[in-house]
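Just below is one structure, and these are the notes that go with it.
The values are calculated or read from the model by the stated rules, or taken from the named source; none is laboratory data. On a predicted model such as this, the values are computed, not experimentally measured, just so you know. All Cβ positions, glycine included, derive from the backbone under ideal geometry; neighbour counts span all protein chains shown.
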Amino acid sequence: MIFLLIIVFLPGVMAIQRFPKPEFESGYVVPVNQLPVQRGEILAWLDVAVLLIALSLVTYLVLKRRSRMGVFCISLFSIAYFGFYRQGCVCSIGAIQNVSMALFSGNYTVPLTVLAFFLTPLIFTLLFGRTFCAAVCPFGAFQDLIALKPLRMGAWLNAFLGIIPYLYLGLAILYAATATEFLICRYDPFVGIFRLNASFGMFLFVGLLMLTGVFIARPYCRFLCPYGVLLNWMSRFSWKHMNITPAECIQCRLCENACPYDAIEYPQVKKNPAGHRKQVNKMVVLILLLPIFIFGGVWTGGKIHRTLAGVNSRVRLAHILQPAHTTNNQPEIPEITAFRGSGITQQDLIREVTRIEHDFLIGSRIFGGFIGLVFGLTLIRLIITPYRTDYVPNKGTCFSCAKCMDYCPVVKD
Amino acid sequence: MKKLIPDIILIKFLRRMSMISGFFSLLFCALICITFLQLKRTDPLHTPVSTLLQEKLIQYPSSPNLIQEIRQIDLLARKAYFTSEWQIRTGSYLLLASLLILIICLKSIELITPRIPSIQVSEQGELWNMRKVQFRWVLIAGIALVSISLTLAFFTHRMLNGIPNEGNVPELFSRSRDSLQINPVAQSPAASIISDTSRNKLRSDSGKPGGDDEYPTQQEIRLNFPSFRGPDGNGIAFQKNTPVSWDGASGKNVLWKKEIPLPGYNSPILWNDRIFLSGSNENKREVYCLDAANGKILWSADLSKIKGSPSQNPKVTAETGFAASTLTTDGIRIYAIFANGDLSALDFNGGIIWTKNLGLPNNHYGHSSSLIMYHDLLIIQYDQSGSGKVMALAGRTGDKKWETSRNVKVSWSSPVLVNTGYRTELLLSAEPYVASYDPATGKELWKLDCISGEVGPSVAYANGKVFSVNEYSKLAAISLGSIPTLAWEDNEYLSDVPSPVAVKDLLFVVTSYGVVVCYDAITGKKHWFKELDKPVYSSPIIADGKIYILDKQGTMHIFQADKTLAMVAESSLGEGSVCTPAFGNGRIYLRGNRHLFCIKK
């Protein structure tokens, strides 16, 4: 322990402040980097290769070898390679934004390596379930590491918080598509750890998340990760998904509390006490209400588009330049000085802002409609009667981490 | 096989390790937070001690001990700041290390400790209850989401609602003036041009209660030509369809010409269908109102005998005369000033509203700074030998609203009003500086020493840069900001009379010896220049994408206001002129040495 401390402490003692950052009299704050230094293309393809190998290995370990230890070792490797070495970038989660921007913004081409980072886990998930989440995603792997005393969460909380990833996904796509912001990157709590470089606010958020992660396993994955939404959908239709039991389930119930993520679905043979007819009626009503939910979402999205557009820097600038917000004899803020020196007229700025707000109107409506659809489908899903005889992982929410496998006493012949 | 270390001892050891590392994690975390908060509070550039010493330095600027002390304290403050930053960084590494040890210990305990699965008593009916609860909470989440969204939309809608539509950029967005599209309107009576319902009235704050004037909006001002060099005195006209070809001698495209009774070098101003100018000799001072449609003199107001007018005439030269200052109007009253300091306000029917005398100017060429309006304030630049000042009088009553002394030499330039996108500034130029004032209060906003000599040209402004020029001095480009600075300067082509004009990223300078130069306003690089071979006293005006330059012989040289030299036309007035043109829609009003001309398309 002392030896470890010395090894860690000594470099710090020897560290020298060589090149302090320049001082800005205007109060300008140097932003925390959102992207690490660019690497050569061959190295970017190397990352893709490592991703592919890691995914293949994890898939093999989960589906064939059913080895939790193997998955754990891969997760350590992922934290080291994709986390600390690659500093969390490029990541598959953030790649959503690159792809959105490429699809909807006219002047951006997504690099093939980023596209590979986006598509490869999705393809693997479609084939083999969420093996990416099991050990390859450094964020998930990190959270897995700190899940020391996981507690079961109430179903109501799971349901309530379960809407957040959809919101996050929608907003991330909206802001990336309008070239406003890379939301996922800006509010990524893990890159601060991997890069040892975060604002104080983010530092506190990370601390809170880690503390939460000790008691609530994988909080980011379950209640924030926007990529998880896509993986959830892919995994539901996966060709081969991991099973708790290697053979037939014997309903021994030993795996009931095995999953810290509440992803195990219990057998359900009894009928709904409310009655089949009532259930069907409810379903019909919800299906009929679905277009209303979607339309309601579209309408709400249209109403909030200006609020959402307010994040855009050009819109914010136009807002700052309004007469109501300018005061004589106040020191000029850097944004106005920069704008004045840009050579762009206010007329041009207004024109640009009008176009941006129009894009946001369309995007917000689509976003609202999407949330309405998700809302409606979630309600419908909760009405549907499941019939199961075995203990099975929920294909959508199971992270294929193989933690539950050790609980199953069944041995394959 | 017997284990090297029994599990129980290992678990004990790991537990102790985890407690120690947990303790250190908390400690490092707390230290990082404390150091960060301390760092946030300190400003190494402005410590109390250094601020005190800097104030002392102002009193004793050349004290070497003081300078040395300031440097040392500054160095210590910076060292302390960067040491704190280093501490935070090192602390982060230590925190990470201790967390890593903690996690390894706890994970190891988890691996070693056998876990026995527990089976809870559960009923299959629980699923339906759980589903019910989930259904309810999803519903609540949906309602909450919609409510929060609509609430946010309601509150932010108010804040963001003020961003104007593309075609309706309000008055303070004056940087866009050069691309502002104004539909040409006929010069018909005021009531038919802009309906009352579309007016956005500015209330006078100098009027008596219950008798407020309704001042024109920026758009209304720009539909007219109410002061020297245009609406804000910046050399930009907003009219469209401006004529390019005429011949004064033959009358081609000359709608009318009218002899002006008394001479004067002031330029015409225009409001709706009325043109105003003044004339004066040693004994008489008059203001004329002409009908823009036919040049008929509708009225002339004799301002020769106003109260307080000095009995002696001011010293003037032949090139200035007694009526060199251009009038101004706010659409309600017309304001005129003469070389002897007589200042008058008249209504649109020629009735005298108020008069006063500002004192005989001590000006060896004769006072020639023109007037300009800012809302209901009449701004007067009154730089004389020995005492410079700028003042604002209430348009309605003539009462002085503010006066600001200027430590400048006598000048003949005129004030320019600009809206920088952040605030409106009143820009004046006289040796030794270009200065900016708040037109509402007269407070000096900034000044920059960059000009010398007998300053005749006014400044130009475009896109955050102010341009000043004077012969035997320099052409200076000042970048505005929290501290205006000199962006670039040039001294090859300098004007002593015509004012420069700027639009977007182009600056045009016309010298009095007849050279017109186009600069890149941002870098100062010359795009082109052209020798007109004729002297020019009139200031150039940019209108409808073209720059109009009237030489002393009465020839108008028209170029594209572009970075490529392209002459559009040369048209002759048939009479010499030193006055600056005024623009109406499809019209130009040119004052020659004897006549006022109206040129049509």
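Going residue by residue through region A:279-293, is there one that turns out to be in a loop (DSSP other than H, G, I, E, B) and touching a residue at least 12 places away in the same chain (Cβ under 8 Å)? Reasoning before the result, please.
Of the residues in region A:279-293, the ones in a loop (DSSP other than H, G, I, E, B) are none.
Among the residues of region A:279-293, not one is in a loop (DSSP other than H, G, I, E, B) and touching a residue at least 12 places away in the same chain (Cβ under 8 Å), which makes the answer no.
Name the single residue, out of those in region A:188-199 being part of a loop (DSSP other than H, G, I, E, B) and within 16 Å of A:Q143 (Cβ to Cβ), that is farthest from the other protein chains (Cβ to nearest Cβ).
In the first step, residues of region A:188-199 are kept if they are part of a loop (DSSP other than H, G, I, E, B); the result is A:188-189, A:196-199.
Now restrict to residues that are within 16 Å of A:Q143 (Cβ to Cβ): A:188-189.
On the way: A:D188: 17, A:P189: 14 Å.
Ranking the candidates gives A:D188 first.
Is at least one residue of region A:289-312 among the aliphatic types (A, V, I, L, M), more than 26 Å from the chain's Cα centre (by Cα), surrounded by fewer than 17 Cβ atoms within 10 Å (Cβ to Cβ) and not assigned by TED's automatic domain parsing to the domain that holds A:P189?
Among the residues of region A:289-312, at least one is among the aliphatic types (A, V, I, L, M), more than 26 Å from the chain's Cα centre (by Cα), surrounded by fewer than 17 Cβ atoms within 10 Å (Cβ to Cβ) and not assigned by TED's automatic domain parsing to the domain that holds A:P189, which makes the answer yes.
If only one of B:I451, B:I483, B:I478, B:I379 is in contact (Cβ under 8 Å) with a residue 60 or more places away in the chain and either within 14 Å of chain A (Cβ to nearest Cβ) or under 22 Å from the mean Cα position of the chain (by Cα) (or both), which one is it?
Criteria check complete, one pass: B:I379.
Could you tell me how many of the residues in region A:85-117 are in a helix (DSSP H, G or I) and either basic (K, R) or in contact with a Leu (Cβ under 9 Å, 6 or more places away or on another chain) (or both)? Before you say what the answer is, go through the steps one by one.
The initial filter retains those residues of region A:85-117 that are in a helix (DSSP H, G or I), namely A:85, A:92-104, A:112-117.
Subset that is either basic (K, R) or in contact with a Leu (Cβ under 9 Å, 6 or more places away or on another chain) (or both): A:92, A:95-100, A:102, A:116-117.
Adding up the residues that qualify gives 10.
Report yes if B:P268 is without any contact (Cβ under 8 Å) to a residue 60 or more places away in the chain, surrounded by 22 or more Cβ atoms within 10 Å (Cβ to Cβ) and under 23 Å from B:D544 (Cβ atoms), otherwise no. Break it down stepwise before answering.
Details: without any contact (Cβ under 8 Å) to a residue 60 or more places away in the chain: no; surrounded by 22 or more Cβ atoms within 10 Å (Cβ to Cβ): yes; under 23 Å from B:D544 (Cβ atoms): yes.
The answer is no for B:P268.
May I ask you to say which residue of B:S280, B:S311 is touching a Phe, Trp or Tyr at 6+ places or on another chain (Cβ under 6 Å), small (G, A, S) and either modelled with pLDDT of 90 or more or over 15 Å from B:L596 (Cα atoms) (or both)?
B:S280
Do the conditions hold for A:K240, that is, is it out of contact with any Asp or Glu (no Cβ under 7 Å at 6 or more places or on another chain), of a type in the set (K, R) and modelled with pLDDT under 90? Walk me through how you get there before you give the answer.
Numbers: out of contact with any Asp or Glu (no Cβ under 7 Å at 6 or more places or on another chain): yes; of a type in the set (K, R): yes; modelled with pLDDT under 90: no.
No.
Would you kindly identify the strands (runs of 3 or more DSSP E) lying entirely within region B:514-601 that contain at least 1 residues that are among the hydroxyl-bearing types (S, T, Y)? Can you show your working first?
Details: elements: B:515-520, B:526-531, B:541-543, B:546-550, B:555-560, B:567-572, B:582-584, B:587-591, B:595-600.
Those strands (runs of 3 or more DSSP E) span B:515-520, B:546-550, B:555-560, B:567-572, B:587-591.
If a residue must be touching a Leu at 6+ places or on another chain (Cβ under 9 Å) and either surrounded by fewer than 19 Cβ atoms within 10 Å (Cβ to Cβ) or among the β-branched types (V, I, T) (or both), how many such residues does region A:375-404 contain?
Residues in region A:375-404 being touching a Leu at 6+ places or on another chain (Cβ under 9 Å) and either surrounded by fewer than 19 Cβ atoms within 10 Å (Cβ to Cβ) or among the β-branched types (V, I, T) (or both): 4 in total.
Considering every residue within region A:71-78, establish whether at least one is farther than 17 Å from A:L119 by Cα, more than 22 Å from the chain's Cα centre (by Cα) and part of a helix (DSSP H, G or I). Let's see the steps before the verdict.
Filtering region A:71-78 down to residues farther than 17 Å from A:L119 by Cα leaves A:71-78.
Still in the running and more than 22 Å from the chain's Cα centre (by Cα): A:73.
Pick out the ones that are also part of a helix (DSSP H, G or I) and you get A:73.
Within region A:71-78 (the criterion being farther than 17 Å from A:L119 by Cα, more than 22 Å from the chain's Cα centre (by Cα) and part of a helix (DSSP H, G or I)), the answer is yes, since at least one residue qualifies.
Residues being among the aliphatic types (A, V, I, L, M) and either assigned to a loop (DSSP other than H, G, I, E, B) or in contact (Cβ under 8 Å) with a residue 40 or more places away in the chain (or both): count how many of those fall in region B:414-448.
Filtering region B:414-448 down to residues among the aliphatic types (A, V, I, L, M) leaves B:416-418, B:426-428, B:430, B:434-435, B:440, B:445, B:448.
Those left that are additionally either assigned to a loop (DSSP other than H, G, I, E, B) or in contact (Cβ under 8 Å) with a residue 40 or more places away in the chain (or both): B:416-418, B:426, B:428, B:430, B:434, B:440.
Result for region B:414-448: 8.
Could you check how many residues of region B:239-288 are part of a loop (DSSP other than H, G, I, E, B) and of a type outside the set (S, T, N, Q)? Working first, answer last.
Applying the first criterion (part of a loop (DSSP other than H, G, I, E, B)) to region B:239-288 yields B:239-246, B:248-251, B:253, B:260-268, B:272-273, B:281-284.
Pick out the ones that are also of a type outside the set (S, T, N, Q) and you get B:240, B:243-244, B:246, B:248-249, B:251, B:260-265, B:268, B:273, B:282, B:284.
Number satisfying all stated conditions: 17.
B:I148 passes all but one of (1) exposed (fewer than 14 other Cβ atoms within 10 Å of the Cβ); (2) at pLDDT 55 or above; (3) over 30 Å from A:I292 (Cβ atoms); which number fails?
(3)
Please work out if B:A392 is crowded, with 19+ Cβ neighbours inside 10 Å, farther than 30 Å from B:L255 by Cα, in the same structural domain as B:T580 (by TED's automatic domain parsing) and of a type in the set (A, V, I, L, M, F, W, C).
Details: crowded, with 19+ Cβ neighbours inside 10 Å: yes; farther than 30 Å from B:L255 by Cα: yes; in the same structural domain as B:T580 (by TED's automatic domain parsing): yes; of a type in the set (A, V, I, L, M, F, W, C): yes.
Yes: the conditions hold for B:A392.
Write out, first by first residue and then by second, each pair whose Cβ atoms fall under 7 Å of each other, whose residues are 6+ apart or on separate chains, and whose first residue, in region B:39-57, is surrounded by 12 or more Cβ atoms within 10 Å (Cβ to Cβ) while the second is part of a loop (DSSP other than H, G, I, E, B).
B:L45/A:E23
Scan region A:245-265 for residues that are over 31 Å from the mean Cα position of the chain (by Cα), at the interface with chain B (Cβ under 7 Å from one of its Cβ atoms) and surrounded by fewer than 18 Cβ atoms within 10 Å (Cβ to Cβ) and jot them down.
First, pick out the residues of region A:245-265 that are over 31 Å from the mean Cα position of the chain (by Cα): A:247-254.
Narrowing the set further to residues that are at the interface with chain B (Cβ under 7 Å from one of its Cβ atoms) leaves A:253-254.
A:R253, the sole residue that qualifies.
For every residue, the table says whether it meets (1) within 30 Å of A:G297 (Cβ to Cβ); (2) free of Cβ contacts under 8 Å to residues at least 60 places away in the same chain; (3) in a helix (DSSP H, G or I).
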{"site": "A:G201", "(1), (2), (3)": "no, yes, yes"}
{"site": "A:F205", "(1), (2), (3)": "yes, yes, yes"}
{"site": "A:L209", "(1), (2), (3)": "yes, yes, yes"}
{"site": "A:M242", "(1), (2), (3)": "no, no, no"}
{"site": "A:E256", "(1), (2), (3)": "no, no, no"}
{"site": "A:P260", "(1), (2), (3)": "no, no, no"}
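Could you identify the single residue in B:S25, B:S92 that is within 8 Å of chain A (Cβ to nearest Cβ), buried (at least 18 other Cβ atoms within 10 Å of the Cβ) and in contact (Cβ under 8 Å) with a residue 24 or more places away in the chain?
On inspection, the qualifying residue turns out to be B:S92.
Determine the pairs where a residue that is assigned to a loop (DSSP other than H, G, I, E, B), located within region B:337-357, has a partner that is among the charged types (D, E, K, R) with Cβ atoms under 6 Å apart, the partner being 6 or more residues away or on another chain.
If the second residue must be among the charged types (D, E, K, R), the pairs left are B:F338/B:R285.
Within region A:266-275, is even one residue facing another protein chain (nearest Cβ under 8 Å), touching a residue at least 24 places away in the same chain (Cβ under 8 Å), over 25 Å from B:L102 (Cβ atoms) and of a type in the set (F, W, Y)? It would help to see each step written out before you state the result.
In the first step, residues of region A:266-275 are kept if they are facing another protein chain (nearest Cβ under 8 Å); the result is A:266-270, A:272-274.
So of that shortlist, the ones also touching a residue at least 24 places away in the same chain (Cβ under 8 Å) come out as A:266-269, A:272.
Among the residues that remain, those that are also over 25 Å from B:L102 (Cβ atoms) are: A:266-269, A:272.
Narrowing the set further to residues that are of a type in the set (F, W, Y) leaves A:266.
There is at least one residue in region A:266-275 that is facing another protein chain (nearest Cβ under 8 Å), touching a residue at least 24 places away in the same chain (Cβ under 8 Å), over 25 Å from B:L102 (Cβ atoms) and of a type in the set (F, W, Y).
Residue under question is B:E171, and the condition is that it be in contact with a Ser or Thr (Cβ under 8 Å, 6 or more places away or on another chain), at the interface with chain A (Cβ under 7 Å from one of its Cβ atoms) and modelled with pLDDT under 85; does it hold? Working first, answer last.
Details: in contact with a Ser or Thr (Cβ under 8 Å, 6 or more places away or on another chain): yes; at the interface with chain A (Cβ under 7 Å from one of its Cβ atoms): no; modelled with pLDDT under 85: yes.
In short, no.
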